[in-house]
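K.L.:
Starting off with a structure, shown below.
The values are calculated or read from the model by the stated rules, or taken from the named source; none is laboratory data. Because the structure is predicted, anything quoted here is derived from the model rather than measured. Note: ideal-geometry Cβ built from the backbone for every residue, glycine included; neighbour counts use all protein chains shown.
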C-alpha cells in the first residue's frame, strides 16, 4: 500500500540511491581548528630496561667509584704555569677542551639521546653506550696529548 506522503529523508527510498556527498569542511579549510597531533611512542620493553640499567650503571661508575680518577688522572700532570716550555702547534691548550667537551658530549648523549629516540621511534639503549664511548675517547685523547706535551714541559 502506497503512502500518500513521501518522506524528505534522502536515505529512504530506492536502495540504489547514493548517499549525499560529505561536506568539504576538513582541516585544510580551517587551520585554526586543526586537531591536535597525537604522538605515539613505540617502546620495546627490553630496550627500556636496558636503557635504564645502563644509565644507572653509568651514574654509579661516575659517582661511586674511582673510575673518573683513573680515566682523568692525567689532568694532575698538566702544566698550566707560564714557566712551561712551548709545545709544537700549541697542543697543550687543547687538553682541557678535549676532556670537558667529551664529558659534555657524554652527558648530552645520556640525558637527551633517549628522549630523541622516543620521539623518532628508534631504539634507546645505544645512547648510554655512546656516552661511555665518548668518555673513553676524550680520556684517551687527553692522555695522548698530555704524554706528547710532557716532553716539552719539563
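K.L.:
Give the residues of the stretch 130-146 that are without any contact (Cβ under 8 Å) to a residue 12 or more places away in the chain and loosely packed, with under 15 Cβ neighbours inside 10 Å, sorted by residue number. Steps first, answer last, please.
P.N.:
Filtering the stretch 130-146 for residues without any contact (Cβ under 8 Å) to a residue 12 or more places away in the chain gives 133, 140, 144.
Once the filter is applied, which keeps residues that are without any contact (Cβ under 8 Å) to a residue 12 or more places away in the chain and loosely packed, with under 15 Cβ neighbours inside 10 Å, the stretch 130-146 yields 140, 144.
K.L.:
A follow-up question, please. Quick check on the stretch 67-84: of everything there that is farther than 17 Å from residue 137 by Cβ and loosely packed, with under 12 Cβ neighbours inside 10 Å, which residue is nearest to the chain's Cα centre (by Cα)?
P.N.:
If we filter the stretch 67-84 for residues that are farther than 17 Å from residue 137 by Cβ, which is where we start, we get 69, 76-84.
Next, only the ones that are loosely packed, with under 12 Cβ neighbours inside 10 Å stay: 69, 76, 80-83.
Numbers: 69: 27, 76: 32, 80: 35, 81: 39, 82: 41, 83: 43 Å.
Among residues in the stretch 67-84 that are farther than 17 Å from residue 137 by Cβ and loosely packed, with under 12 Cβ neighbours inside 10 Å, the one nearest to the chain's Cα centre (by Cα) is 69.
K.L.:
Can you tell me which of 98, 43 is outside any helix (DSSP H, G or I), surrounded by 11 or more Cβ atoms within 10 Å (Cβ to Cβ) and touching a residue at least 24 places away in the same chain (Cβ under 8 Å)?
P.N.:
Details: 98 fails: outside any helix (DSSP H, G or I).
Step by step, each of 98, 43 is checked, and only 43 is outside any helix (DSSP H, G or I), surrounded by 11 or more Cβ atoms within 10 Å (Cβ to Cβ) and touching a residue at least 24 places away in the same chain (Cβ under 8 Å).
K.L.:
Identify all residues within the stretch 49-67 that are at pLDDT 90 or above and closer than 30 Å to residue 154 by Cβ; write none if there are none.
P.N.:
66
K.L.:
To continue, here is another question. If you check residue 127 against the conditions, is it surrounded by 13 or more Cβ atoms within 10 Å (Cβ to Cβ) and over 22 Å from residue 61 (Cβ atoms)?
P.N.:
Working: surrounded by 13 or more Cβ atoms within 10 Å (Cβ to Cβ): yes; over 22 Å from residue 61 (Cβ atoms): no.
Here the answer is no, as residue 127 does not meet what is asked.
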